[in-house]
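Beneath this line is the structure, given in structure tokens, with notes to follow.
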Amino acid sequence: MAVINVQGLTYTYPGSTSPALKDINFQIESGQLVAVIGGNEAGKSTLCLALSGLIPALFHGQMQGMVTVCGMDTQQYSPGQFAGQVGLVLQNPANQLSGMRYTVYEEVAFGLENLGISRVEMPARIENALEQVGLAELCDRSPYALSGGQQQRLALASVLALTPSVLLLDEPTAMLDPQGSQDVFEIIQKLVQAGTTVVIAEHHLEWIARYADRIIALAHGEVILDGSPREVLTSSRIQEAGINWLRYTQAAHLGIARGLWSPNTELPITLEQTLAGFRQMGTTSSTRQET
Amino acid sequence: MLIRADDIHFTYSEGEKVLNGVSVTIQPGEKVALVGQNGSGKTTLARHLNGLLRPATGQVWIGDWLTQDHSPAQMARRVAYVFQNPDEQLFHQRVWDEVAFGPQNLGCSVREVAFQVERALDLMDLRGASDLNPRDLGYSGRKRVTLASALAMQTPIIVFDEPTAGLDSKEQEQLAGVFSLLHHQGKTIIVISHDMDFLIENMDRMLLMMNGKIALDASARDFFEQSRILETSGLIAPQIVRLSQKMGCSQVSTNVDEFLDNFS
């Protein structure tokens, strides 16, 4: 069942003359991990805001078309009504932290209090969320004494504690070290396996290649590609949109002219696919030399 | 301009030792990456270079200046610093004014300021945005304004904290171009980053920070040969390094062309 339904969505920010999103149409099934990619200004963050209901509720501008999430039309329900169902983690954690709480623990409690979760239920949900993002040990620290990467994890924990059925993440790993990014993607993968629908805007294509079920590529506010990670990430159209191929894909593509990669083998997007393709060619050419 | 840190130690008020005996010398014109896990002390070390932080014990020399004898405003003549988060750094209403702020404070003439600002805006592809409010730009636009502000200072040393975070491929290529231009001008470039694919293609020397110390100091190629220390420090080798290692190439490649040469 489609948990997110976007029909003919066009949105223009107040004071702007050109739309940030133009005639966007897609549906997302429940329990999928969908990545949204695109150059900067392509509309990724705007799309996240539209799926969270903050557009049109907080950003007035001009919206045409319809967005429904968990059966709720974003033009008819308030962000408060969405909050229990849809979680949004912003790109810059400084914009997400409440600024009203003294400790990491209280910061995670803030959202739960606003949803009216009982005090009995709260500690377990807070501890579990902090545990998941690896911040349990820092629970007494001030949110403002954390590093950028730690703040980013705190923003994620605050949303995880709300156990939303749809999770929207706008570049959640931009400030994290590689191990931290991998941890975040493993958390996301577990949530997806447990049935959460996740939409993630992300620049790091290697993580997306490994974890996403589907990729929607945007350029200048329009959907230019929508398909499997391998289909999208090896398309020449994403390069035209200012997104470079992974080094794996580049190596295989350049390898064709040198006879190192078979033109009949689909271009790779993971290390495993790349190794398999180069090795297969290696074996074929050595067999040929022997015969 | 030579950078020299001698056995520096530093503790924030919360008590944990963040730098625990760091000694390093960086030659003029080097392209050095500072890598390590979140919380390993990278940013703290970098902020010692422009005098924003002073060591509890030990000394930091920038050329013939000892950082503790100079104010951050004086240090800004020698070391420019680009913050990870552009919003910590922007405070003017116009992109042009933001970029002009540094050279104006250095006492440059009106003509010199205009020249430096225009040049920096061109380099960061911001010429069309010079009259806009930086706050009206997207994240990467604001980031490029802070990069332009640092370039306009014309300092011999520039420190970039996570310069590629939030930039798309095209903007990253543009940044790589700016780095190579700065390098040709003889400037020292110090980059804090987690983006190993970018670092291996653009940096010469890698410093790995672990628990407030420099755990490894090597050329980019030698650094990534040491896969064991990378694993224990939470780093993941660049795609091209993993590919060349798994394919059994005799040496680590630093870019796609080199990999294909080594392989065939």
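Computed from the coordinates by the stated procedures, all read-outs in this text should not be read as laboratory data. Being a predicted model, the structure only gives us computed values, none of them experimental. Because the Cβ atoms are built from the backbone with ideal geometry, glycine has one as well, and the counts that use them run over all protein chains shown.
Quick notes on this one:
- Separation between Cα centres of region B:117-186 and region B:8-29, rounded to whole Å: 27
- For region A:158-260, DSSP calls about 50 percent of its internal beta bridges antiparallel.
- Dividing the summed helix terms, -39500 (n - 2.57) for each DSSP H run of n ≥ 4, by the number of residues in chain B produces a 222 nm estimate of -11000 deg cm²/dmol to the nearest 500.
- Taking a ≥ b ≥ c as the square roots of the eigenvalues of the alpha carbon gyration tensor, region A:11-124 is prolate, as a/c is not under 1.5 and a/b beats b/c.
- Look at the stretch B:165-173: the mean tally of other chain Cβ atoms within 10 Å of its residues' Cβ atoms is 6.
- Unsatisfied cross-links (Cα-Cα over 18 Å) in the set B:31/B:187; A:190/B:246; A:44/B:170; B:143/B:170; B:17/B:42: A:190/B:246
- Shape analysis of region B:104-195 places it in the oblate category; the axes a ≥ b ≥ c from the Cα gyration tensor give an a/c of at least 1.5, with a/b not above b/c.
- Within the shell of other residues whose beta carbon sits under 13 angstrom from the beta carbon of residue B:149, the net charge comes to +2, with Lys and Arg scored +1 and Asp and Glu -1.
- By the beta-carbon count within 10 Å of each Cβ, the least crowded to most crowded order of A:278, B:263, A:110, B:91, fewest first, is B:91, A:110, B:263, A:278.
- Build a GNM of chain A with springs between Cα atoms under 10 Å apart, and of A:75, A:189, A:273 the one that fluctuates most is A:273.
- For the residues of B:255-261, the average number of beta carbons from a partner chain within 10 Å of their own beta carbon is 5.
- Overall form of the protein assembly as shown per C-alpha gyration tensor (a/c, 1.5; a/b vs b/c): rounded
- From its DSSP helices (H runs of at least four residues, each -39,500 (n - 2.57)), chain A gives a residue-normalised ellipticity at 222 nm of -12000 deg cm²/dmol.
- Percentage, to the nearest whole number, of Cα pairs in chain A over 27 Å apart: 46
- Local electrostatic count at residue B:78 - Lys and Arg +1, Asp and Glu -1, tallied over other residues with Cβ under 14 Å: +1
- Secondary structure note: in the protein assembly as shown, about 55% of the DSSP beta bridges are antiparallel.
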